[in-house]
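Report on the following structure.
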């Protein structure tokens, strides 16, 4: 029983049943008393009417007429009344069903008739002006029977409601438990460490299935975040070792090497450079985590991707030209998207950094922004050495660098950050063959022209002119 | 300069005091409550404010100061480095936001720039350093009697240098003010744009821009 009491499902179901039963009880009692009151009222009125009729006979012809009327009435086959008339001294002049001499007014009596069991009756007694007492009684047996039947029916109904309610409560409670238990057992399994557990979802699509689906989606997301975290920790553990080792090497070299100011300064400068490299790596990891957490979505605004690309091309143009490479920036008028300016800037700079870092002089780098039916399309392509087909999926993973010696600058997080930024913008990223070279194609959801958002207004060319 | 340093980590505070001491007077407090009190009772030229203080968020200190109309420039120096953190810091009334770990030269250059900015009531529209003059409204640069034709970003770089003439401007400051980005691209964007600016200025006179190794650039006052 305490177990039942602790179950919200049972409490709910039993509570509901109790409320229903109470309502039935109150209604039943109301019906019972109202019906009784009406019946008794009618019953009393018929006695009163009979008494009034007899009194009229008496007033017209005195006791003899009254006696006649009583005899006449008593003879009527459908007459349900019993009469008694007592004279001034209390002696019975007429007496049916052993009615006794009583004080005037209403009262209850037993009606005894020959050969029949005694019955419950009700009477009205009146003192006549000449001192006689007239008693008119009626058999209340039918009324009693009706009342008993009504009472019985109501009691049976109440008991049935209680029984059905209790049974329903138990079934309802059991059903709730059956639906909820998988959820709590899944949760318990997850608490115990098995993150792969999922709530089994039925096919009915009811509230429980929907809750189960939401829970599963939530669990998927959590599992993904946990996996990210786990991977970051292990990546950090592995990939921070190399730059930390270099840092340590620089410090150790300085301590053990020639103790001249010049070489000590060199060692310190090396150590500073290496620590900056560690910090840059650290920053990049934190940045990826920040992007993957999705917090940036709160800052999303309408941005013209074409203008952004043009700005960044202007920023990188001189550097790319100085490296004897060619930069072609090709973009249509306005390509509105919804995003975070700083992240999108970082995405493009990372791609251009890569194009500068991993190609030889003479390479052409193309940045193109176009509106396509599928969304805003950004392409950064180069005519450099490219990426072998087998590695194209791999290079967007964390810390993946294709030069095994790790001699070029960079920490192997650039493309991973690009992928994270694309994904937080609900976009798609593809690494393709530019034959020759590598082509990064990014598709971002466009803001539709018909969207009359005020933010988009700002992006229209005439408005830009106004702002400028 | 009188600097209020709000930093609860003693070792960081010592390093900062050491770095700032040669040219500035530093008062160091460790808690938000002390910082609020100091801000109300004394006058400082600048405040360096940590965010994760033992008793409150540094931004609460900043909020209190700004509410009390204490308008000294505030540089938030913190380990909270996400974009959201920086945005909330700047929206909370900070004049600059520098994420730990930082280079001492970076900090010195930034508080110098902040101080100079706060001294001016309204930002001027004309600058003149040596024989270089710059008109922000016409976006025109002249050296001696000749026009110097600059690309828009080169012009913006020169504005930063002229605003801080004789003082260092770091690469990060250029990136933030000229391009609005708060991360370091691998490609040395700043150096290449500066080198173009430098050679354009040189066509009309001596080399006006000094390179500060590992720090940034400085415009010579006697250019």
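The values are calculated or read from the model by the stated rules, or taken from the named source; none is laboratory data. Just so we're clear, the structure is a prediction, and the values are computed from it rather than from any experiment. Cβ coordinates were reconstructed from backbone atoms using ideal geometry, including for glycine residues, and neighbour counts include every protein chain displayed.
Quick notes on this one:
- Residue in the stretch B:210-218 that is within 19 Å of the chain's Cα centre (by Cα), farther than 26 Å from residue A:317 by Cα, away from chain A (no Cβ under 11 Å) and surrounded by fewer than 16 Cβ atoms within 10 Å (Cβ to Cβ) present: no
- If you filter the stretch A:227-252 down to residues that are modelled with pLDDT of 85 or more and surrounded by fewer than 15 Cβ atoms within 10 Å (Cβ to Cβ), you find that the one that is nearest to residue A:289 (Cα to Cα) is A:245.
- Test: residue in the stretch A:314-324 that is more than 30 Å from residue A:244 (Cβ to Cβ), more than 14 Å from chain B (Cβ to nearest Cβ) and surrounded by fewer than 20 Cβ atoms within 10 Å (Cβ to Cβ): no
- The set of residues from the stretch B:65-88 being within 14 Å of chain A (Cβ to nearest Cβ) and not in a strand (DSSP E or B) comprises B:79, B:80, B:81, B:82, B:83, B:84, B:85, B:86, B:87, B:88.
- Among the conditions (1) in contact with a helix residue (DSSP H, G or I) (Cβ under 6 Å, 6 or more places away or on another chain); (2) at pLDDT below 85; (3) under 24 Å from residue A:236 (Cβ atoms), residue A:412 misses just one, which is (1).
- Some residue of the stretch A:345-355 being farther than 17 Å from residue A:418 by Cα and surrounded by fewer than 22 Cβ atoms within 10 Å (Cβ to Cβ): no
- Looking only at the stretch B:93-119, and only at residues there that are in a loop (DSSP other than H, G, I, E, B) and under 15 Å from residue B:72 (Cβ atoms), the one that is nearest to the other protein chains (Cβ to nearest Cβ): B:94
- Annotation for the stretch A:33-44: no member residue is within 30 Å of residue A:166 (Cα to Cα), without any contact (Cβ under 8 Å) to a residue 40 or more places away in the chain and in contact with a helix residue (DSSP H, G or I) (Cβ under 8 Å, 6 or more places away or on another chain).
- Boolean, residue B:198 is within 13 Å of another protein chain (Cβ to nearest Cβ), closer than 30 Å to residue A:358 by Cβ and free of Cβ contacts under 8 Å to residues at least 24 places away in the same chain: yes
- None of B:63, B:28 is touching a residue at least 24 places away in the same chain (Cβ under 8 Å) and more than 23 Å from residue B:183 (Cα to Cα) except B:63.
- Residue that is touching a residue at least 24 places away in the same chain (Cβ under 8 Å) and in a loop (DSSP other than H, G, I, E, B), where the choices are A:195, A:180: A:195
- Among the candidates A:439, A:401, A:428, residue that is modelled with pLDDT of 75 or more, surrounded by 14 or more Cβ atoms within 10 Å (Cβ to Cβ) and over 40 Å from the mean Cα position of the chain (by Cα): A:439
- Residue check for residue B:134: touching a helix residue (DSSP H, G or I) at 6+ places or on another chain (Cβ under 9 Å), in the same structural domain as residue B:204 (by TED's automatic domain parsing) and outside any strand (DSSP E or B): no
- Any hit, the stretch A:4-22, residues being out of contact with any helix residue (DSSP H, G or I) (no Cβ under 9 Å at 6 or more places or on another chain) and farther than 25 Å from residue A:158 by Cα: yes
- Scanning the stretch B:96-113 for residues that are closer than 13 Å to residue B:1 by Cβ and buried (at least 21 other Cβ atoms within 10 Å of the Cβ) turns up B:110, B:111, B:113.
- Residue selected from the stretch A:326-343 under the condition surrounded by 18 or more Cβ atoms within 10 Å (Cβ to Cβ), within 11 Å of another protein chain (Cβ to nearest Cβ) and in contact (Cβ under 8 Å) with a residue 12 or more places away in the chain, by the criterion farthest from residue A:439 (Cα to Cα): A:340
- Selected residue [within 29 Å of residue A:421 (Cβ to Cβ) and either at pLDDT 90 or above or within 12 Å of chain B (Cβ to nearest Cβ) (or both)] from A:271, A:302: A:302
Table: residues versus (1) within 23 Å of residue B:100 (Cβ to Cβ); (2) away from every other protein chain (no Cβ under 14 Å); (3) more than 18 Å from the chain's Cα centre (by Cα); (4) surrounded by fewer than 14 Cβ atoms within 10 Å (Cβ to Cβ).
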{"residue": "B:147", "(1), (2), (3), (4)": "no, yes, yes, yes"}
{"residue": "B:159", "(1), (2), (3), (4)": "no, yes, no, no"}
{"residue": "B:163", "(1), (2), (3), (4)": "no, yes, no, no"}
{"residue": "B:166", "(1), (2), (3), (4)": "no, yes, no, no"}
{"residue": "B:172", "(1), (2), (3), (4)": "yes, no, no, no"}
{"residue": "B:187", "(1), (2), (3), (4)": "no, no, yes, no"}
{"residue": "B:208", "(1), (2), (3), (4)": "no, yes, yes, no"}
{"residue": "B:223", "(1), (2), (3), (4)": "no, yes, yes, no"}
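- Scope the stretch B:1-15; condition in contact with a strand residue (DSSP E or B) (Cβ under 6 Å, 6 or more places away or on another chain) and more than 14 Å from residue B:44 (Cβ to Cβ); matching residues: B:13
- Check on residue B:77, in contact (Cβ under 8 Å) with a residue 40 or more places away in the chain and under 11 Å from residue B:6 (Cα atoms): yes
- Verdict on residue A:52 being in contact (Cβ under 8 Å) with a residue 12 or more places away in the chain, surrounded by fewer than 14 Cβ atoms within 10 Å (Cβ to Cβ) and closer than 30 Å to residue A:86 by Cβ: no
- Residue in the stretch A:129-142 that is under 60 Å from the mean Cα position of the chain (by Cα) and outside any strand (DSSP E or B) present: yes
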